Amino acid sequence: MINLQRPFASNAVFLKFAATLGLITLTYILFGVVDRFDTVATNIVPNLSFENGVKHWFGSPKGVTLKNKPLPVVEMRLAPNPKPLILARTISDPNRFTHIRVGADIKLNGVQRGPVWWEQAGVIVRSLNGKGRKIPFWPYNVVMKSGTADWDRHEAVIPVSGDAQAMRLLIFLNGRAGTMEVTNITIDSAIPSTWVPYGKAGLITAWGLLGLWILAPLLLANARNLSAYFALVAFLATLAAVLAPQPGLSNVTTQTLHTVVSVFKTAPEKSIATKHGEVAKTKTLKKTKPVKNGAPQRSSASKFGAMVASPQDILNGSGSSVSHVISHAAFTFFTVLAFPFAARLLLLASLITAAATTEALQVFVISRTTNWDDLAMNLTGVAIGITFALAWRFIRRRLFTRSRIPAA
């Protein structure tokens with residue numbers, strides 16, 4: 001936030017905006033460069049090449065063919081009534097390493113994605129705990145794409161979780177149609193370059209100094225403005241949520257939402273009267289395949305989703321989105337009330353910049369990721385906060401005006 005009571009053209013205002021946008025850019029550059037890691041050991045998983053076909057892989061070989069080009073290439077092709085295709089390899093005892101670098105050359109032709117994120121072409125690495133379950137919210141993405149694209153190299157460095165007993169490389173093709181070709185798969189051990197800790201410490205220091213430069217003058221100039229303190233508390237709470245590791249934040253948010261819903265929910269279950277006057281409770285069940293051996297059989301699509309996605313990633317996604325909206329709506333609401341005479345464009349630009357800043361700062365936490373959807377949720381919260389603040393001003397003005405009208 002900027003000193004909103006000054007003219008819009010103040011040099012200090014532009015300097016603070018420029019410094020904030022510059023730090024956002026530097027933060028993404030530092031955390032987005034794959035070369036910030038040095039390779040320690042190569043080929044830590046044997047037999048990744050497709051020279052001998054896919055006999056060292058497990059998954060769904062039907063729909064997967066081998067091509068002999070300059071390098072052995074695996075082609076995945078979705079049938080007219082597509083079922084997901086997947087090849088997998090296990091990385092045993094990953095705690096020998098701190099990070100692994102995964103790379104693959106990929107070519108796409110007419111891949112039509114479906115409504116969920118795993119219904120496209122992808123290469124991911126899932127971390128598994130001692131029970132063989134996927135560790136939720138841990139980084140996993142190497143590449144996920146759809147459409148048509150010529151040969152391109154994709155690499156990502158995945159940190160090794162202390163809880164990981166194994167990691168699993170998944171190459172998959174899902175969606176409505178299309179073909180993916182894959183070759184030159186590599187899995188190496190990597191460590192951060194020597195300059196990375198210093199760069200990270202420098203960024204943290206710069207963000208702290210920028211925050212003091214922006215917030216200290218505002219607090220001094222609005223020492224008696226209660227709404228300004230509420231806005232500050234809301235912003236600091238948002239920062240705390242941004243820097244909170246997952247799945248802690250989403251678990252708390254989801255539990256809170258369930259509690260709120262249970263309070264306002266009037267009919268948790270539908271009831272029907274039976275012939276004998278008894279009341280039977282009914283629940284809505286998802287459709288499953290016919291029962292076999294006494295157990296409902298899941299479809300190939302649901303099995304694939306369970307193999308690729310973590311249940312917590314799916315269930316807590318809505319809770320995380322709601323937390324983005326609510327926190328930024330509260331911060332915006334109190335900020336608009338705190339600065340009633342601020343230039344509107346300056347106020348709006350400050351709120352948008354704050355929303356972008358909180359999204360960018362998530363990169364400092366391993367279990368948090370930045371994406372356009374979260375930024376959209378932040379901006380949605382800004383819009384809601386502005387709407388409620390303006391409505392509150394209008395209502396308060398009407399009530400205040402009526403209270404001053406003398407009785408007839």
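Summary of computed values
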{"item": "Pairs with Cβ under 6 Å, 6+ apart, first in the range 321-346 and touching a residue at least 40 places away in the same chain (Cβ under 8 Å) and among the charged types (D, E, K, R), second surrounded by fewer than 21 Cβ atoms within 10 Å (Cβ to Cβ) and assigned to a helix (DSSP H, G or I)", "result": "none"}
{"item": "Output for the range 145-167, where each listed residue is part of a strand (DSSP E or B) and either more than 18 Å from residue 368 (Cβ to Cβ) or modelled with pLDDT of 95 or more (or both)", "result": "145, 147, 148, 149, 150, 151, 152, 153, 154, 155, 166, 167"}
{"item": "Odd one out for residue 11 among (1) of a type in the set (S, T, N, Q); (2) modelled with pLDDT of 85 or more; (3) under 30 Å from residue 208 (Cβ atoms)", "result": "(2)"}
{"item": "Some residue of the range 10-30 being under 20 Å from residue 105 (Cα atoms) and surrounded by 15 or more Cβ atoms within 10 Å (Cβ to Cβ)", "result": "no"}
{"item": "Selected residue [within 25 Å of residue 324 (Cα to Cα), free of Cβ contacts under 8 Å to residues at least 24 places away in the same chain and either in the same structural domain as residue 96 (by TED's automatic domain parsing) or in a helix (DSSP H, G or I) (or both)] from 229, 198", "result": "229"}
{"item": "Listing of strands (runs of 3 or more DSSP E) fully contained in the range 17-93 that carry 1 or more residues being in the same structural domain as residue 106 (by TED's automatic domain parsing) and among the basic types (Lys, Arg)", "result": "64-68, 72-77, 85-92"}
{"item": "Search result, residues across the range 186-195 that are of a type in the set (Ser, Thr, Tyr) and part of a strand (DSSP E or B)", "result": "186, 189"}
{"item": "Residue, nearest to residue 245 (Cα to Cα), within the range 123-133, restricted to residues that are surrounded by fewer than 21 Cβ atoms within 10 Å (Cβ to Cβ) and in contact with a strand residue (DSSP E or B) (Cβ under 8 Å, 6 or more places away or on another chain)", "result": "128"}
{"item": "Members of the range 63-73 that are touching a strand residue (DSSP E or B) at 6+ places or on another chain (Cβ under 8 Å) and surrounded by fewer than 21 Cβ atoms within 10 Å (Cβ to Cβ)", "result": "63, 65, 66, 67, 69, 71, 72, 73"}
{"item": "Single unsatisfied condition, residue 161 versus (1) closer than 25 Å to residue 365 by Cβ; (2) outside the structural domain of residue 65 (by TED's automatic domain parsing); (3) of a type in the set (S, T, N, Q); (4) crowded, with 17+ Cβ neighbours inside 10 Å", "result": "(2)"}
{"item": "Residue list for the range 94-109, filter: part of a strand (DSSP E or B) and of a type outside the set (Val, Ile, Thr)", "result": "99, 101, 103, 104, 105, 107, 108, 109"}
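The values are calculated or read from the model by the stated rules, or taken from the named source; none is laboratory data. Bear in mind the structure is a predicted one, so any value in this text is a computation, not a measurement. Virtual Cβ from ideal backbone geometry, glycine too; neighbours counted across all protein chains shown.
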